[in-house]
Amino acid sequence: MQTTTLRTGSSGSNRSYLTRHMKIADTSVIDSSQPYLIAEIGVNYFDIAEKRDILPLEAAKEMVAEAAEAGVDAVKFQSYTAERLASKHSPAYWDTDEETTESQYELFEQYDKFSAAEFEEIAAWIDDNYDVDFMSTPFDFHAVDYLEELVPAYKIASADLTNHPLLRVIARKGKPILLSTGASTVGEIDDAIRVIEDEAPDPELCLLHCILQYPTDEANANLGMIDHLAEIYPEYPVGYSDHVPPDEGMITLLNAVVHGADIIEKHFTLDKTLAGNDHYHAMEPDDIRTFRENVALMSTTTGASRKEPIEDEADSRKHARRSLVAATDIADGERIDREQIAIKRPGTGIAPEHLDVVVGREARSDIAADEIIQWDLV
């Protein structure tokens, strides 16, 4: 894979860039107006497998294929075991109307059947078939180690931002890091960055704004926090990890781009109607296409930042603006008064701003009513 550089955000600040490995040999095909989009498959492939009556590994590959064809840059899974992740006494922190399991351990236990072998197969299959990056979030030291040869960067979940032992192990690997900041104070983010920088001076790090609410209410998205992160950490690019149920126009993600998100991560499914887990706030392939199209349109309409007439306004400047026009016949040598002047289109004569200069002058020749007045006529 070729190593390239992740573009800076729209803020134009002097940020370090986050290196990522690409399968695209010609980096000129990378559209710098588009954010790096990660489809968070997570463990949703288990439910897709059950629905389609196929093996989970087949379902995982089908999800990768549909996400890649829809236009994502990366697909991401989750690497954990319930035993290493949660106590059997860990209560739910999600909306139990959507996901009815009330124990973290019981939920995670349903979806922890993949380990190194499965992820190695998926990563190799992606490498052979698609121009997208394989990623997976490690939730324990074992996963950090077996993912090292598979992923171009490590993603750290918001809930592990204060897990300094895990941060240290990941930082020592020397890979780029995506750090989600959901439910975190600035002080906690400072501490996490300090831990990472202690282990990897000048790290390739991206901070992801995130709200740790499943699903996130639209009013709780607080995308303005992207600006705050960019302000207080100008040396690092900033992105967004989203849990807001998608609307038809993918406005939440589009707004994140407006606020300067370089990287967008959103849960991905092939069926948002499936109960539980992360389907109810995930995007589908058509949502990805809509988002990409809207970002492209937004980029197109943004255009130049310096205010000046553009070439395609030339005819409008000439013909839609107004000129001084004779309201009546004006005889040669007659002193022109205000009542003899009208202001009409087109703008090919004396501009209205010079009205007071013209009034009181003598006509140099006969001027017919409705004739556009030029300087050689007065």
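The values are calculated or read from the model by the stated rules, or taken from the named source; none is laboratory data. Note that the structure is a prediction, hence the values are computed from the model and not measured. Methodologically, a virtual Cβ is constructed for each residue, glycine included, from the backbone with ideal geometry; neighbour enumeration extends over all protein chains shown. The protein model used for the area step is the full one, side chains on, heavy atoms only, and it has no ligands, DNA or RNA in it. Shrake-Rupley method; radii C 1.70, N 1.55, O 1.52, S 1.80 Å.
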So, in segment 110-144, of the ones that are among the hydroxyl-bearing types (S, T, Y) and within 17 Å of A157 (Cβ to Cβ), which residue ends up farthest from the chain's Cα centre (by Cα)?
-> Y111
Any idea which of E371, E265, E362 is within 30 Å of I177 (Cα to Cα) and in contact with a strand residue (DSSP E or B) (Cβ under 7 Å, 6 or more places away or on another chain)?
-> E265
Among the residues of segment 303-315, is there at least one that is part of a helix (DSSP H, G or I) and either polar (S, T, N, Q) or more than 30 Å from V257 (Cβ to Cβ) (or both)?
-> yes
Inspect all residues belonging to segment 43-51 and state whether any of them is closer than 15 Å to F134 by Cβ, modelled with pLDDT of 75 or more, under 21 Å from the mean Cα position of the chain (by Cα) and of a type in the set (S, T, Y).
-> no
Would a scan of segment 327-349 turn up a residue that is in contact with a helix residue (DSSP H, G or I) (Cβ under 7 Å, 6 or more places away or on another chain) and free of Cβ contacts under 8 Å to residues at least 24 places away in the same chain?
-> yes
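Listed here are the residues, each with its yes/no results for (1) within 20 Å of H259 (Cβ to Cβ); (2) open to solvent by 50 Å² or more (accessible area, probe 1.4 Å); (3) at pLDDT 95 or above; (4) touching a helix residue (DSSP H, G or I) at 6+ places or on another chain (Cβ under 7 Å).
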{"position": "P176", "(1), (2), (3), (4)": "no, no, no, no"}
{"position": "A183", "(1), (2), (3), (4)": "yes, yes, yes, yes"}
{"position": "V186", "(1), (2), (3), (4)": "yes, yes, yes, yes"}
{"position": "V195", "(1), (2), (3), (4)": "no, no, yes, yes"}
{"position": "P203", "(1), (2), (3), (4)": "no, no, no, yes"}
{"position": "N222", "(1), (2), (3), (4)": "yes, yes, yes, no"}
{"position": "I226", "(1), (2), (3), (4)": "yes, no, yes, yes"}
Any residue at all in segment 76-90 that is closer than 18 Å to S241 by Cα, surrounded by 15 or more Cβ atoms within 10 Å (Cβ to Cβ), at pLDDT 95 or above and in contact with an Asp or Glu (Cβ under 6 Å, 6 or more places away or on another chain)?
-> yes
Looking at (1) free of Cβ contacts under 8 Å to residues at least 24 places away in the same chain; (2) surrounded by fewer than 19 Cβ atoms within 10 Å (Cβ to Cβ), which is the one condition that is false for A59?
-> (2)
By residue number, the members of segment 91-107 that are under 27 Å from I177 (Cα atoms) and surrounded by fewer than 14 Cβ atoms within 10 Å (Cβ to Cβ) are Y93
Considering every residue within segment 361-370, establish whether at least one is in contact with a Gly (Cβ under 7 Å, 6 or more places away or on another chain), free of Cβ contacts under 8 Å to residues at least 60 places away in the same chain and not in a loop (DSSP other than H, G, I, E, B).
-> yes
Here is a list of conditions, (1) open to solvent by 50 Å² or more (accessible area, probe 1.4 Å); (2) modelled with pLDDT under 95; (3) under 29 Å from the mean Cα position of the chain (by Cα); (4) not basic (K, R), and T162 meets all of them except one; can you say which number that is?
-> (2)
When residues of segment 250-270 are limited to those that are assigned to a loop (DSSP other than H, G, I, E, B) and open to solvent by less than 20 Å² (accessible area, probe 1.4 Å), the one nearest to Y36 (Cα to Cα) = D262
Return yes or no: is T137 closer than 28 Å to A70 by Cβ, in a strand (DSSP E or B) and either of a type in the set (V, I, T) or open to solvent by 20 Å² or more (accessible area, probe 1.4 Å) (or both)?
-> yes
P285 in contact with a helix residue (DSSP H, G or I) (Cβ under 6 Å, 6 or more places away or on another chain), within 30 Å of Y45 (Cα to Cα), open to solvent by less than 90 Å² (accessible area, probe 1.4 Å) and not hydrophobic (A, V, I, L, M, F, W, C) = yes
Looking only at segment 316-345, which residues are closer than 14 Å to Q374 by Cα and assigned to a strand (DSSP E or B)?
-> S323, L324, V325, A326, I330, I341, A342, I343, K344
Filter result (in a helix (DSSP H, G or I) and either among the basic types (K, R) or within 11 Å of V378 (Cβ to Cβ) (or both)) within segment 346-360 | H354, V357, V358
When only residues in segment 326-345 that are touching a strand residue (DSSP E or B) at 6+ places or on another chain (Cβ under 6 Å) and open to solvent by 70 Å² or more (accessible area, probe 1.4 Å) count, which is nearest to L377 (Cα to Cα)?
-> R335
Please specify each residue of segment 108-122 satisfying the condition of being touching a residue at least 40 places away in the same chain (Cβ under 8 Å), assigned to a helix (DSSP H, G or I) and crowded, with 16+ Cβ neighbours inside 10 Å.
-> F119, I122
Go through segment 355-370 and give me each residue that's surrounded by 15 or more Cβ atoms within 10 Å (Cβ to Cβ) and not β-branched (V, I, T).
-> A363
